[in-house]
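The block underneath contains the structure these notes are about, expressed in structure tokens.
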Amino acid sequence: MNPYQYSPLLPKPNSVRLLRLRAGDKAEIRVQIYDYFIDSSRPTHEYEALSYVWGDASQTKRIIVEDRLGGSELGYLDITLNLHTALCRLRNPGLDRFLWVDAVCINQSDIKERDRQVQLMVKIYASATRVIVWLGEMANESDWVIKMIRNAARAAQRKLGVRVWPTPSKENERDQNLEKWRDAHTSKMLLAFLSRPWFRRVWVLQEVAAAQSILILCGREELPGQAFSRGLDNLQVLHNLQNARLKNQIQAIIYLIDWIIDPAHYSNLGILPLGELVDMFQVHEATDRRDKVYALLAMSSQDLERTFRVDYNIVWSVLFDRLVKSIFGNAVEVMTWNNRERALIRTEGGVLGRITGVERGCGFSMQTLHIKTRELWTCQSSTHAEETTRRRMAWTIECSVQNSANVIQADDILVYLRGAKYPSIIRLSYDHFKIIAAVARPQLFRIPAMDWDGNWEDFSELMPTTAKDLTLLWDWEWSE
């Protein structure tokens, strides 16, 4: 039998392929591949989209592609072992199932097709009736961990007097004491579960954010997405996680699962500006570094079509250079490397103030910064007539910014960079300054001593106009 040969996609917008997973219970997986058109006027389409990790590309298994009419064999496709296991888990014994799976529905050897299909990812996942998350096979007592999270979610729902998923068959199971799950052995099992590769993958962010409904599968166990979020919250998992990188990755998933509850987000993600998304999600992983940018584009609230288009012919250093200039302005000098996720940035700017304290919100919510400013221009009424004088004074101000992957600390510095729309937060590290938050977009400025509230545009008028040369390192490979 020969390898399956893809036909070109239909020559019209929103054209994709769907996989028809044939019913059966034998070891051999048989599928049919259909051309499909996603009609934007329909809110949902009758297929499910799979969110998973490819796994080791050297470990593959073969699936058979059938003709859509007579069932004759058209060829085979080699897919990763993890995907093969997922299809075995999803296959029904007596009913075919329609799925969208990137490794099968996109001709991976056609770079131009890949570029076009990646731009449709949000539409593909948003149009599916459900997004199925495949975490992998059972290991390290993962079945017990999922039951624990499920019961914790039910306990949280009982406190609210609401149930939105099926009750357990065993009544005593739902009444188990949550405290016994917080011992050392449980923490170890839960940590192993949350350390699975899916939680670290950058592409899952938009797949989860776009989903209308989520079902999480691990081995034979399954759990609705909202139950997963509420269960972890009730178990205070994030509070007890010591690994900052893992904590950020799990926070991101919970944030996006909770965010999809609003139906207004089904067709248009528009979560935050790209710079803030990068600050939040830069610790997530991708086999191809370029995906750490491409995976966030459809989540951005900015119109970036002129600046960024998915193009896998562009090398990483060029793409990273474009990203830096889109955030900090075209006037900056940038040095990037193809084999590193870091940029050396030379620009001009000035210090707004030193951070003296941070009040953190929960998860990925806002945090309030207390900042001791440098001298700013302020107006003071004169005793003579209606004249006013301007003088320079230092003030303690408060401003709210989005949480970021890197933890903002006391003694970090709030700076404005010439050409950037919003200030940044930097930290002195040995002989250089490191960027902690590329975009510190203030939601509200307060000067308590003056009883003054305002936005960034108002506050920027008070800034000093002098600027000095700055050399900054933006390093995605480093995180706390």
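The values are calculated or read from the model by the stated rules, or taken from the named source; none is laboratory data. Everything quoted here is computed from the prediction, not taken from an experiment. All Cβ positions, glycine included, derive from the backbone under ideal geometry; neighbour counts span all protein chains shown. We work out accessible area using only protein heavy atoms, side chains counted, and drop any ligands, DNA or RNA first. Shrake-Rupley method; radii C 1.70, N 1.55, O 1.52, S 1.80 Å.
What is the residue count in segment 99-130 for residues that are aliphatic (A, V, I, L, M) and open to solvent by 40 Å² or more (accessible area, probe 1.4 Å)?
Residues in segment 99-130 being aliphatic (A, V, I, L, M) and open to solvent by 40 Å² or more (accessible area, probe 1.4 Å): 1 in total.
Take Ala23 and decide whether it is in a loop (DSSP other than H, G, I, E, B), in contact (Cβ under 8 Å) with a residue 60 or more places away in the chain and either open to solvent by less than 80 Å² (accessible area, probe 1.4 Å) or among the β-branched types (Val, Ile, Thr) (or both). Judged against the criteria, Ala23 is a match. Inside segment 417-446, residues that are without any contact (Cβ under 8 Å) to a residue 24 or more places away in the chain and either of a type in the set (Phe, Trp, Tyr) or not assigned by the TED database to the domain that holds Val407 (or both) make up a count of 1. Consider segment 26-71 and keep the residues that are among the β-branched types (Val, Ile, Thr) and in a strand (DSSP E or B). The one that is farthest from Phe98 (Cα to Cα) is Thr60. Among the candidates Leu83, Leu90, the residue that is at negative phi, crowded, with 18+ Cβ neighbours inside 10 Å and not polar (S, T, N, Q) is uniquely Leu83. Scanning segment 304-319 for residues that are of a type outside the set (Asp, Glu), touching a residue at least 40 places away in the same chain (Cβ under 8 Å) and surrounded by fewer than 17 Cβ atoms within 10 Å (Cβ to Cβ) yields Arg309, Tyr312, Asn313. A single member of Val324, Val351, Val310, Val332 is farther than 29 Å from Leu414 by Cβ and over 13 Å from the mean Cα position of the chain (by Cα), and it is Val310. In segment 458-468 there is at least one residue matching the filter, namely being part of a strand (DSSP E or B) and either under 18 Å from Arg340 (Cβ atoms) or at pLDDT below 90 (or both).
Residues that are in contact with a Leu (Cβ under 7 Å, 6 or more places away or on another chain), at pLDDT 75 or above and open to solvent by 50 Å² or more (accessible area, probe 1.4 Å) are absent from segment 131-139 altogether.
Taking the conditions (1) open to solvent by 20 Å² or more (accessible area, probe 1.4 Å); (2) within 25 Å of the chain's Cα centre (by Cα) in turn, Asp96 satisfies each one other than (2).
If you go through segment 320-335 and keep only what is farther than 12 Å from Thr307 by Cβ, without any contact (Cβ under 8 Å) to a residue 24 or more places away in the chain and open to solvent by 60 Å² or more (accessible area, probe 1.4 Å), you end up with Glu333, Met335.
Is it the case that Asp56 is of a type in the set (Asp, Glu) and over 30 Å from Arg200 (Cα atoms)? In short, no.
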